[in-house]
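Would you mind keeping the following structure in view while I ask a few things?
The values are calculated or read from the model by the stated rules, or taken from the named source; none is laboratory data. Note that the structure is predicted; figures quoted are calculated from it, not measured. For neighbour counting, all protein chains shown are included, and Cβ atoms are generated from backbone atoms with ideal geometry for every residue, glycine included.
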Amino acid sequence: MAVGCLRQAAAAGRDESARGLHQQIKFDHVTFKYPGSGERPVVLRAATFEIRPGCSTAIISRSGAGKTTIVNLLCRFVEPDQGHILVDGIPLDRIDPTKWRRQIALASQDRELVDGTILENITYGPKIKGRPPHHHRDQPPP
């Protein structure tokens, strides 16, 4: 699993926009436990680390140690119970989640491919204005 953060948050206001990562993403004493997990242990306890632009970051640990949770926190699918996630010093919870998710790339550990070519799998997603829609490889081009 790898995460590439491509854009940064702006500097003011409650609803920050994502513009480009210039300095770092920082987990500052982040603690997280999935809601309704009862007696299950805390997934992350006071996790503190930095992800710097232009560097590869690998998160390696045993199964169940929190790697997917870190990605879920970065994507804002869940929020930390304690601590902060900062993007160039701006709290991630002040950045609009939809705009933020448009600026990050995720390579999942699960392979989810569509029936088609490698190019069709790489470019799978919403139609981009000015680009013809993809066609199935067994059909003639439009």
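Can you tell me which residues in region 71-100 are closer than 16 Å to Q24 by Cα, outside any loop (DSSP other than H, G, I, E, B) and within 11 Å of the chain's Cα centre (by Cα)?
Of everything in region 71-100, those that are closer than 16 Å to Q24 by Cα, outside any loop (DSSP other than H, G, I, E, B) and within 11 Å of the chain's Cα centre (by Cα) turn out to be V71, L73, L74, W100.
Here is a follow-up. Would you check if P132 is modelled with pLDDT under 75, in contact with a His (Cβ under 9 Å, 6 or more places away or on another chain) and more than 13 Å from F27 (Cβ to Cβ)?
Taking the combined requirement at face value, the residue does not satisfy it.
When region 63-89 is examined, which residues are found to be of a type in the set (A, V, I, L, M) and either free of Cβ contacts under 8 Å to residues at least 40 places away in the same chain or buried (at least 17 other Cβ atoms within 10 Å of the Cβ) (or both)?
Residues of region 63-89 that are of a type in the set (A, V, I, L, M), as a first pass: 65, 70-71, 73-74, 78, 85-87.
Answer for region 63-89, where residues must be of a type in the set (A, V, I, L, M) and either free of Cβ contacts under 8 Å to residues at least 40 places away in the same chain or buried (at least 17 other Cβ atoms within 10 Å of the Cβ) (or both): A65, I70, V71, L73, L74, I85, L86, V87.
Can I ask one more? Looking only at residues in region 1-39 that are buried (at least 16 other Cβ atoms within 10 Å of the Cβ) and among the β-branched types (V, I, T), which one is modelled with the lowest pLDDT?
If we take residues in region 1-39 being buried (at least 16 other Cβ atoms within 10 Å of the Cβ) and among the β-branched types (V, I, T), then V3 is modelled with the lowest pLDDT.
For region 40-62, name all the residues that are among the small types (G, A, S) and surrounded by 12 or more Cβ atoms within 10 Å (Cβ to Cβ). Outline the logic, then answer.
Looking only at region 40-62, we keep the residues that are among the small types (G, A, S), and these are 46-47, 54, 56, 58, 61.
If the condition is that a residue be among the small types (G, A, S) and surrounded by 12 or more Cβ atoms within 10 Å (Cβ to Cβ), then A46, A47 are the ones that fit.
Separate question: Exactly one condition in (1) at pLDDT 70 or above; (2) touching a helix residue (DSSP H, G or I) at 6+ places or on another chain (Cβ under 7 Å) is false for Q82; which is it?
Q82 satisfies every listed condition except (2).
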